Amino acid sequence: MRKKIEYEQLPVQLTLVVRKTDFIKGYDCADREAFVVWFANRATGKQQEVEFSLREQRILSRAEREKDFPPEEEIALPGLGFRVIKGYYLEQGTDVRYETYDVYPEGIQSKLLTCEQIYFSPVLINIGELVRSAAENASFPTVYSGWPLSDRVNYWVSALYRLRHRTGELGALEDDVFGPGLISKMKSIDTDINSILPAILKGLAAMESISPQGLLLSFNLRTGLSIVP
């Protein structure tokens with residue numbers, strides 16, 4: 001567990017770079033003798049991460065931080081049937097440090113997937129838990145492809161119902177979830193999703209007790225598709 005710090009605890013050198021109004025959060029990383037701070041970068045419109053060395057009393061450069069990365073490390077997860085190569089990188093444009101995990105099935109040279117987490121999180125998720133969850137998600141398209149048509153349609157009807165209502169609870173229009181991005185995500189699981197979209201939208205309209213024609217029209221307008229009943 002990393003110790004959270006307030007803006008008033010920042011060294012003067014950091015306050016010259018990070019204004020209080022832009023300060024998001026910071027942690028005392030005693031293991032590195034450093035403060036790690038996130039602030040709103042007004043120039044980029046993104047969250048920026050900086051690492052301040054308490055020993056040297058200055059902000060470390062991107063190159064210095066990358067040079068300080070530990071070498072890649074292989075980790076065995078025999079209980080899960082995987083081996084993992086752990087590495088690090090700084091995100092381009094934000095300098096947020098990530099810990100990455102290239103996952104390989106035991107005895108296989110081809111990489112199954114890569115997952116990651118923000119390194120300076122308050123608490124890092126257990127690698128085994130993170131890899132298991134990522135592997136389950138990665139295998140879902142294979143599981144999905146073995147389902148009968150009715151189950152595939154019902155899966156999407158339920159998923160879109162939940163997504164639309166979460167969006168509505170946030171104060172946006174439920175139909176705003178429809179868009180090219182949604183179709184891309186759906187196709188990442190089912191490349192032939194267009195063929196079952198009429199049944200999905202019909203089922204969604206029935207679940208929400210709304211006009212199927214109105215829902216279809218809104219869907220086509222927002223996605224740019226021409227789905228017909």
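The values are calculated or read from the model by the stated rules, or taken from the named source; none is laboratory data. None of these values were measured; they are calculated from a predicted model. We place every Cβ from the backbone using ideal geometry, glycine too, and count neighbours over all the protein chains shown. Areas reflect the complete protein model, heavy atoms only, side chains present, ligands, DNA and RNA absent. Shrake-Rupley method; radii C 1.70, N 1.55, O 1.52, S 1.80 Å.
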Roughly how many whole Å is it from the C-alpha centroid of the stretch 57-75 to that of the stretch 157-229? 44 Å
Could you tell me the calculated FRET efficiency between A172 and E91, based on Cβ-Cβ distance and R0 = 30 angstrom, to the nearest 0.05? 0.65
Toy charge model, Lys and Arg Cβ at +1, Asp and Glu Cβ at -1: the stretch 73-139 dipole around Cα centroid in debye, rounded to 20, equals 100 debye
Cross-link candidates for K111: which lysines have Cα within less than 30 Å, leaving aside residues fewer than 8 places away along the same chain? K67, K86, K185, K187
I'm a student and want to see the number: the projected area of the Cα convex hull of the chain, averaged over all directions, in nm². 16.9 nm²
Give me the accessible area per residue for the stretch 149-223, probe 1.4 Å, as a whole number in Å². 55 Å²
In the chain, which helices (entire DSSP H runs) extend 18 Å or more along their own long axis, judged by Cα positions, while averaging at least -1.0 on the Kyte-Doolittle scale? 127-145, 149-169
Under a Cβ-only charge scheme (Lys and Arg +1, Asp and Glu -1), can you give me the dipole magnitude of the chain about the Cα centre, in debye to the nearest 20? 460 debye
Per DSSP, the loop-located GluC sites (Glu not before Pro) within the stretch 135-197 having at most 11 other beta carbons within 10 Å are none
Around D22: net Lys/Arg minus Asp/Glu count, Cβ-Cβ under 14 Å: +4
How high is the FRET efficiency between T191 and N220 when r is their beta carbon distance and R₀ equals 25 Å, given to the nearest 0.05? 0.80
Given R₀ = 45 Å, FRET efficiency for K20-E136 by Cβ-Cβ distance, to 0.05? 0.60
Pick out, in residue order, every one of the trypsin sites (Lys or Arg not before Pro) in the stretch 20-70 that is DSSP loop and has at most 10 other C-beta atoms within 10 Å; say none if there are none. R55
Placing unit charges on C-beta atoms (Lys and Arg positive, Asp and Glu negative, everything else neutral), compute the dipole magnitude of the stretch 111-198 about its Cα centre in debye, rounded to 20. 140 debye
Could you work out [θ]222 nm for the chain from helices alone, using -39500 (n - 2.57) per DSSP H run of at least four and dividing by all its residues? Round to the nearest 500 deg cm²/dmol. -11500 deg cm²/dmol
Choose one of A135, S61, G203: the residue whose Cα lies farthest towards the positive end of the charge dipole of the chain (beta-carbon charges +1 Lys, Arg; -1 Asp, Glu; about the Cα centre). G203
Two-site label geometry, L124 and Y104: point separation in nm, points 7 Å out along Cα→Cβ: 2.1 nm
Can you tell me how much longer the chain between Q117 and S209 gets when fully stretched, taken as 0.36 nm per residue apart minus their C-alpha distance, in nm with one decimal? 29.1 nm
Most positive-pole-ward Cα, I189, C29, S218, against dipole of the chain from beta carbon charges: S218
By the C-alpha gyration tensor axes a ≥ b ≥ c (rounded if a/c is under 1.5, else prolate when a/b exceeds b/c, else oblate), the shape of the stretch 73-139 is prolate
